Ligand code: SF4
């Protein structure tokens, strides 16, 4: 079976009534072009001409708050996408704010073949939400999540790590609260500080001090472990380089291989938990996990070497466990 794919269509900030502390939609979406019905059609036709597997492909409206855009414009985009859902595409994915969800809009989205709704939760702490001008509360996240599930959409939740006023403990609490809402998937965005944002100004005045990259990797490795162990698919961890316009980033938690760093840290912690007083240890992992267990440039092997422990890691095609000490 081929992998899930998205045909991504960026709907810029016009959809959003807010201005969150970290948001500079122009920088994030890389475009202020406002897509119209013909853009949706041409993106789908283009994908078809490339021979994509439609059954695994969703038409994804990303970038703004889809259900907050003018209703006429929202239906124009959905109307353009619907024939492709009728033809066999997996469905339509949208992202929006928790306070822009209600029965009426969910019924409409259902009628047009929307299958997945991602809610920007960001934090479940009301004080962090307020400090970052989110304009909604933790209760809005709970209510919107349960409504989305009641209408049988696939629920995705997005959270941020290292927001202004947050702490590693509050970020972990958000991950735990998210687990209790049982989404199918989660995106974790460590904060990247963009120019022309409130966060950028707080950072430049010294009022906001982001976590170090190591701290963020440490927290996100624990979150990844926690979420996946609870059956939640972490579909994203960190921003891609292409999502940040060069020159717009002032600082924060960005690394081109952020997820890989977190995966390696996760394996390092798992091995640390299994090594007792050994001076030599051998582990087996699934072949697909070998590079994560070794770490970038064998950083995990080097780390254990610095502790005086010789670690060997072997791939095993029959492995079911995440990691085994043999
Ligand atoms: S809700 Fe989303 S689009 Fe709106 S300001 Fe916040 S981050 Fe930007």
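FYI, it's all coordinate maths here, none of it is from the lab. Computed from a predicted structure; not experimentally measured. No Cβ is skipped: glycine too gets one built from the backbone with ideal geometry, and neighbour counts run over all protein chains shown.
GNM, the chain, Cα, under 10 Å: largest mean-square fluctuation among 277, 56, 132? Comparing 277, 56, 132 in a Gaussian network model of the chain, the most mobile one is 277. Nearest-5 percent of antiparallel DSSP beta bridges in the chain? Of those bridges, close to 15 percent are antiparallel. Annotation: for a label point projected 7 angstrom from Cα along Cα→Cβ of residue 282, residues of segment 310-326 with backbone N closer than 13 Å are 311-316, 325-326. Looking at segment 264-325 alone, DSSP beta bridges between its own residues are antiparallel in about 35 percent of cases.
Relative to the dominant Cα principal axis of the chain, helix 138-150 is inclined by about 70°.
Segment 39-88 and segment 104-165 have Cα centres separated by 21 Å.
Principal-axis analysis of the Cα atoms of the chain puts helix 258-274 at an angle of about 40° to the longest axis.
Relative to the longest principal axis of the Cα atoms of the chain, helix 71-86 runs at roughly 70 degrees. Which FRET efficiency value, to the nearest 0.05, is calculated for residue 214 and residue 48 with the Förster distance at 56 angstrom and r the Cβ-Cβ distance? Computed FRET efficiency for residue 214 and residue 48 comes out at 0.80. Separation of segment 179-220 and segment 304-326, taken as the distance between their Cα centroids, equals 32 angstrom.
Length available on full extension from residue 316 to residue 150: 0.36 nm per residue minus the Cα-Cα distance, which gives 55.6 nm. Were the residues from residue 290 through residue 4 laid out at 0.36 nm apart, the gain over their Cα-Cα distance would be 100.7 nm. Each residue, residue 306 and residue 139, gets one label point 7 Å from its Cα in the Cβ direction; the gap between the two is 4.8 nm. Our estimate of slack between residue 233 and residue 298, defined as 0.36 nm per intervening residue step minus the Cα-Cα distance, is 20.8 nm.
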